[in-house]
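Written below as C-alpha cells is the structure these notes are about.
The values are calculated or read from the model by the stated rules, or taken from the named source; none is laboratory data. Worth saying up front: this structure is predicted, and the values here are computed from it rather than measured. Neighbour counts are summed over all protein chains in view; Cβ atoms, including those assigned to glycine, are modelled from backbone coordinates with ideal geometry. Keep in mind that these areas ignore ligands, DNA and RNA; they rest on the heavy atoms of the full protein, side chains included. Shrake-Rupley method; radii C 1.70, N 1.55, O 1.52, S 1.80 Å.
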Amino acid sequence: MALFVALHLGRAPGVLWPEHDHPLVGDGAESGVADPDVELLAAQIAAATGLGARPAPAGVPHGHLLVHQMAGATTWSVVGSGEDGRDASLRYRLRAGEVLYVPDGWSRAAEPTPVARWTAVVLHPDGPEGPERSATD
C-alpha cells in the first residue's frame, strides 16, 4: 500500500488489485462481507504510508482519496490534469478487494451497482494534522 500511494500521490489516479482474487468478487449480493472499521483502515493506511489519513465524509469528498471496494462493483469516472499538464478523463470499474487512488483536484463520480459498498479514506500529505476541507470548498 505504501509503495502504491508513493507512486501515485499527487500524480495520477491508479488502481491496486489484490494479490489474490477476492473470494466474493462479482456484482451480486455479498452478504458475507462485514462492514469494515473505517477508523482502523485509516489508521493502518497512515501507519503504512506515514501520511495523515481520516475516514472520508459521505459522498465524494475533496482531497487525495483512497477508495476500497468492499462489495459489488462501482464504476468511477475521474477527470483532471496529470503532472504533464494534459487533461485526462478515465473510467475505472472497481470490484470487491480493489483500491482506487484519486489525486486531490481531480473530479470524481461514482456509478455503483445496487449492492455496491466501499469505504473511503482522505490522505493528508502534510501529516495527521493536514488541512481538512468540506465537500463544498
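The table that follows gives values for the structure above.
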quantity: Rg followed by Dmax, in Å, when segment 61-109 is reduced to its Cα trace; calculated: 11.2, 34
quantity: Summed residue charge, Cβ within 15 Å of M1's Cβ, Lys/Arg positive, Asp/Glu negative; calculated: -2
quantity: Probe 1.4 Å, all protein chains present, accessible-area order of E83, E98, E19, E39, largest first; calculated: E19, E83, E39, E98
quantity: Most to least accessible of Y92, Y101 (protein chains only, probe 1.4 Å); calculated: Y92, Y101
quantity: Most to least accessible of R108, R93 (protein chains only, probe 1.4 Å); calculated: R93, R108
